[in-house]
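This report refers to the structure that appears directly beneath it.
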Amino acid sequence: MRATLAYLKLPFAATLVGLVALIGFGLGSAGSLGEALHLVAIGSVLVLLEIALSFDNAVVNANRLHRMSPLWQRRFLTWGILIAVFGMRIVFPLAIVCVAAGMSPVRALALALTEPQTYGEILNGAQLSISAFGGTYLMMVALRFFIDSGKDLDWIKSIEARLRAAAQLRAVEVLLVLGVLVVITASQPEGREMTFLFAAILGLLAFLATDALGQLLDSPRADAVVASGGLGAFLYLEVLDASFSFDGVIGAFALTNNMVLMAIGLGVGACYVRAMTLMLVERKTLAQLRFLEHGAFYSVFALATIMLMQSLVHVPEYVTGALSLGVLGLAVVSSLRTSG
């Protein structure tokens, strides 16, 4: 218990700072304690939303992180948290508004602080492209794990054995994803097809590019310092982190259009995800829970499917979070039964 609490020092500190900031912001903007408590309540839900939607991200990160050098592990867990909090929770939504509305970053920031309703409407208008890009990227991540001839452990053998056998066909995961994209594109309402397809193809290209870059920079033939340092893995994880954050950022707008509140709530949640990642790596939880990694990638595939389907139907965020936690819970139970 004491060892576990040691990993939560940063998240607890971030929670305390976040509570003080929310209360201060509520008192300053509305001048009432009731409004401040209302902001605290919404911020707490955002923290839980981020943890629920990103726990599988922690498992996937830990799987890659434990193979990196200690130096690059520390860099990812320090620099990465800054990128995750400030880049994806503040800069990313602002960048979307800049592109969608054709305005400068300064104007977008002013709009977010002074006209949150308009800011939220612009961001929601870009959800089709975000869902297509993020869903395609994450689906490739999941399929690359299962369609692997070197994979020697199966959780659900009836599915995973067939997928492993399919690895003999070159680029079969790309073919499967393209097939899914064709079906969903054909189902789009008139006028939205090219927007969806263009963003989805960008997501596919982003995965292939980052995957190739990771192999290049971490290959034995690369520069010894770069290869041993794990720069490729670092870049891969950062892009992966960004893709996992798409649904959390968009889902947060279902609760609030306030950029300050969103940044605090999702930022605190990201600190908890980082703590879980560190605990999984240092305590070798993945080795003890042999099917947890499988559950994470099934969860990633489900999340990718939901993100792509969001272009056609609305799926509540609590459904996504509950599904993710449910699959991971089943993986943990299966692992404990096997080890016992």
### Query
So is Ala171 open to solvent by 40 Å² or more (accessible area, probe 1.4 Å) and either more than 20 Å from Val300 (Cβ to Cβ) or modelled with pLDDT of 80 or more (or both) or not?
yes
### Task
For Ser311, state whether it is closer than 30 Å to Thr195 by Cβ, crowded, with 22+ Cβ neighbours inside 10 Å and at pLDDT 75 or above.
yes
#### Entry: the stretch 136-161, subset under 18 Å from Phe291 (Cβ atoms) and among the charged types (D, E, K, R), residue surrounded by the fewest Cβ atoms within 10 Å (Cβ to Cβ)
Asp152
### Summary
Taking the stretch 120-135 and keeping only residues that are open to solvent by 50 Å² or more (accessible area, probe 1.4 Å) and among the hydrophobic types (A, V, I, L, M, F, W, C), one is left with Phe133
### Query
Condition test on Phe86, is it closer than 25 Å to Gly326 by Cβ, aromatic (Phe, Trp, Tyr), open to solvent by 20 Å² or more (accessible area, probe 1.4 Å) and at pLDDT below 75?
no
### Query
Pick from Leu39, Leu22, Leu53: which is open to solvent by less than 70 Å² (accessible area, probe 1.4 Å), at pLDDT below 70 and in a helix (DSSP H, G or I)?
Leu53
### Task
Within the stretch 282-291, identify whether any single residue is part of a helix (DSSP H, G or I) and either at pLDDT 80 or above or open to solvent by less than 20 Å² (accessible area, probe 1.4 Å) (or both), and answer yes or no.
no
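Based on what the data block shows, is Ala3 surrounded by fewer than 18 Cβ atoms within 10 Å (Cβ to Cβ), modelled with pLDDT of 80 or more and part of a helix (DSSP H, G or I)?
Criteria not met by Ala3.
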### Query
Could you give every pair whose Cβ atoms fall below 8 Å, whose first residue belongs to the stretch 151-180 and is in a helix (DSSP H, G or I), and whose second residue is of a type in the set (Ser, Thr, Tyr) and open to solvent by 30 Å² or more (accessible area, probe 1.4 Å), counting only separations of at least 6 or pairs across chains?
Arg164/Ser149; Ala167/Ser149; Gln168/Ser149
### Task
Write out, first by first residue and then by second, each pair whose Cβ atoms fall under 8 Å of each other, whose residues are 6+ apart or on separate chains, and whose first residue, in the stretch 181-192, is modelled with pLDDT of 95 or more while the second is surrounded by 15 or more Cβ atoms within 10 Å (Cβ to Cβ) and not hydroxyl-bearing (Ser, Thr, Tyr).
none
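Can you tell me which residues in the stretch 252-271 are open to solvent by 10 Å² or more (accessible area, probe 1.4 Å) and either modelled with pLDDT of 80 or more or of a type outside the set (Ser, Thr, Tyr) (or both)?
Within the stretch 252-271, Phe253, Ala254, Leu255, Asn257, Asn258, Met259, Val260, Ala263, Ile264, Val268, Cys271 qualify.
The values are calculated or read from the model by the stated rules, or taken from the named source; none is laboratory data. Computed from a predicted model, the values in this text were never measured in an experiment. Neighbour counts are summed over all protein chains in view; Cβ atoms, including those assigned to glycine, are modelled from backbone coordinates with ideal geometry. Ligands, DNA and RNA are stripped out before the accessible areas are found, and what is left, the full protein with its side chains, is counted by its heavy atoms. Shrake-Rupley method; radii C 1.70, N 1.55, O 1.52, S 1.80 Å.
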